[in-house]
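The values are calculated or read from the model by the stated rules, or taken from the named source; none is laboratory data. Since the model is a prediction, treat every value here as computed from it, not as a measurement. Neighbour counts are summed over all protein chains in view; Cβ atoms, including those assigned to glycine, are modelled from backbone coordinates with ideal geometry.
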Amino acid sequence: MDLKDDARADEAAVKALPGVIAVVKAGGQFQVVIGNDVPLVHAEVVSAMEKGGVQPTEDTGEKRKRSPLDAFIELVSAIIHPILWPLAGAGLFKAFLQMFVTFGWLSTETTEYVVLNAASDSLLYFLPVLLAIPAAKRFKANQYTAVAIAGALVYPSLVNLANTDGLTLFGIPLLLMNYTSSLIPIIVAVWLQGYLERFLNKYLPSAIRNFTTPLLVLLIMVPVVLLSVGPITMIIAGGIGDGVTWLFAAAPWAAGAIMGGLWQVFVIFGLHWGLVPIMLEQLADGFSILAGPVLGAVLAQSAATLAVFLRTRDAAMKELAGPAALSAFLAGITEPAMYGVNLPRRLPLYFGIVGGAIGGIFAGIAGAGTTAFVFPSLIGIPAYLSTPSLPLLFIGVGIAVAVSFLLTFFWGVRDPKTPDSAETQPAPEEPEVAEPVPPIVAEDVTEVMVGAPVAGHLVPMAEIADAVFASGAMGTAVGIVPSNGTIVAPVAGKVVAAMPSGHAYGIKGANGVEVLVHIGIDTVNMKGEGFTPMVAKGDVVEAGQVLAEVDLDAIRAAGYDTTTIIVVTNTPKQKSVEAATGDVAANEPALLVRR
């Protein structure tokens with residue numbers, strides 16, 4: 001690694017760490033040689049850097065409780081965010097290509113079409129492969145192994161077998177779905193991959209771990225996904241298709257409402273692939289009534305995206321929503337609109353569902369359908385001209401577009417507060433932050449007392465049984481042998497790091513002092529067992545507020561030291577940091593910081 005300040009690197013302390021083979025300074029880098037355990041150590045170093053006081057580049061806002069639906073939407077949005085711009089560009093490219101074909105300006109039989117279609121369609125076709133990378137980062141899995149799993153799902157020979165009857169895998173019936181352009185299957189696969197990799201890395205010998213882990217992950221995960229996600233998706237989709245087909249005969253308006261309202265939701269979960277064969281079967285007879293309500297569904301979501309484009313003051317969102325709405329309206333390419341605009345913002349998605357359902361009711365009553373398999377869009381309208389009550393279909397589509405657009409325009413665009421919108425937004429209330437003892441908020445204060453995070457006996461930094469903390473590499477520290485398991489905030493401020501395992505917390509104090517509370521030594525290996533976090537990243541805490549409840553007996557039973565360490569991680573910015581001695585109660589002075 002490249003160090004900002006070589007003089008601050010304690011070479012002797014690093015060499016003394018267990019597992020370190022050698023320390024080499026070469027080519028301007030500080031190199032630590034650790035043999036076969038590189039992947040495990042790298043993961044821990046990255047984790048330590050994240051919790052060591054490094055501030056994010058943007059404020060993520062106050063942590064809030066989320067419903068499972070909100071958590072799912074935020075997860076999908078975060079994973080797809082890195083490819084939104086290429087997705088928008090590819091969608092617009094494909095929309096114009098389809099328009100050229102529809103208007104007769106380009107023949108599908110030409111080499112030009114084949115090349116341009118490959119260029120415009122490749123990102124959408126191989127979407128699972130591209131999503132594997134951010135998903136692997138999110139779930140702390142190996143990115144290249146994740147890409148290999150995704151590649152297997154869209155491998156041409158497997159794609160060609162989709163919907164083939166009588167397939168088996170290791171004697172187990174195999175029901176394949178088409179994973180191209182899908183979203184949820186690869187997210188589920190990489191999520192499971194992360195757990196499997198961590199399990200294998202924990203138990204495999206280091207001499208074979210680096211190549212055996214990806215081997216076993218691929219061997220296990222690809223069949224598991226094919227035998228689980230595909231069949232489950234196809235069974236659910238088949239049930240929906242059968243139910244909607246029956247409902248079209250019994251109550252066309254109700255079937256239209258379901259297809260119109262939920263079509264784009266089916267697409268998000270990949271369930272539409274189970275409905276497409278039914279549409280194709282109906283088209284073999286010349287007319288697919290199942291495809292009728294989909295026109296209103298797609299255009300309603302397109303209208304919601306257009307409303308966001310016209311109403312939002314967020315420049316980046318406006319830049320994305322414009323081409324996304326155009327490609328959705330023009331050619332039915334809705335991925336940029338759905339994943340980049342409507343799904344992350346939620347309300348446009350919901351209003352699009354409402355509009356689509358209304359349009360679907362009219363389509364069902366009109367007996368709407370298509371005579372060809374087309375993307376539901378403006379340029380696909382000629383395929384709907386055989387609808388028995390064509391004016392009723394167009395009235396329904398118009399109402400669907402209007403309802404979705406107006407609801408989103410007036411009530412569905414909630415921009416985050418930015419400097420541009422500060423004049424029109426009420427000033428946010430300051431969070432209530434209790435004054436530590438003594439007060440530490442005023443700028444002219446030169447001495448700041450940092451409280452003890454737990455009651456117990458203070459241990460000088462040099463005597464802490466962890467070489468990193470004892471060396472002062474992370475800042476001036478003091479240890480506490482705890483007398484109970486209630487861990488409290490040593491300063492008032494914002495939680496900028498909270499390990500999922502509950503064993504470490506970083507707080508940026510309201511006074512500018514940044515601290516790290518590390519509960520026990522090597523307790524990260526307990527993976528959260530015995531730790532009950534009470535706060536999360538982004539929370540504003542008061543001095544003395546409970547951060548976590550800890551089972552000290554569980555730590556001892558697992559063979560780890562219970563010593564809790566408090567570190568001033570921005571020590572170099574202070575004039576001095578001194579530690580107290582003796583016994584201390586929770587929130588009593590443990591460190592004196594002179595600024």
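Can you name every residue in region 555-581 that is small (Gly, Ala, Ser) and farther than 18 Å from Val481 by Cβ? Of everything in region 555-581, just one residue is small (Gly, Ala, Ser) and farther than 18 Å from Val481 by Cβ, namely Ser576.
Residues that are of a type in the set (Val, Ile, Thr) and within 14 Å of Thr486 (Cα to Cα) within region 533-554 comprise Val535, Val546, Val550, listed in sequence order. Residues in region 482-511 that are touching a Leu at 6+ places or on another chain (Cβ under 6 Å) and under 15 Å from Val568 (Cβ atoms): Ala489, Tyr505, Gly506. If you check Gly91 against the conditions, is it at pLDDT 55 or above and surrounded by 15 or more Cβ atoms within 10 Å (Cβ to Cβ)? Yes: the conditions hold for Gly91. Report whether or not Gly530 is on the phi < 0 side of the Ramachandran plot, crowded, with 19+ Cβ neighbours inside 10 Å and of a type in the set (Gly, Ala, Ser). Judged against the criteria, Gly530 is not a match. Across region 121-169, the qualifying residues are those that are in a loop (DSSP other than H, G, I, E, B) and over 24 Å from Gly274 (Cβ atoms), and the one among them that is modelled with the lowest pLDDT is Lys140. State whether the residues of region 197-214 include one that is farther than 30 Å from Gly364 by Cβ, of a type in the set (A, V, I, L, M, F, W, C), in a strand (DSSP E or B) and over 32 Å from the mean Cα position of the chain (by Cα). For region 197-214, residues farther than 30 Å from Gly364 by Cβ, of a type in the set (A, V, I, L, M, F, W, C), in a strand (DSSP E or B) and over 32 Å from the mean Cα position of the chain (by Cα): absent. One residue alone among Ile555, Ile565 is crowded, with 19+ Cβ neighbours inside 10 Å, of a type in the set (Val, Ile, Thr), modelled with pLDDT of 90 or more and more than 16 Å from Val478 (Cα to Cα), and that residue is Ile555. The condition (being in contact with a strand residue (DSSP E or B) (Cβ under 9 Å, 6 or more places away or on another chain), in a helix (DSSP H, G or I) and not hydroxyl-bearing (Ser, Thr, Tyr)) is satisfied by just one residue among Met317, Met338, Met279: Met279. Among the residues of this structure, Thr233 counts as one that is closer than 28 Å to Phe351 by Cα and surrounded by 14 or more Cβ atoms within 10 Å (Cβ to Cβ).
Residue check: Ala291 meets all listed conditions (1) surrounded by 22 or more Cβ atoms within 10 Å (Cβ to Cβ); (2) part of a helix (DSSP H, G or I); (3) among the small types (Gly, Ala, Ser) but one, namely (2).
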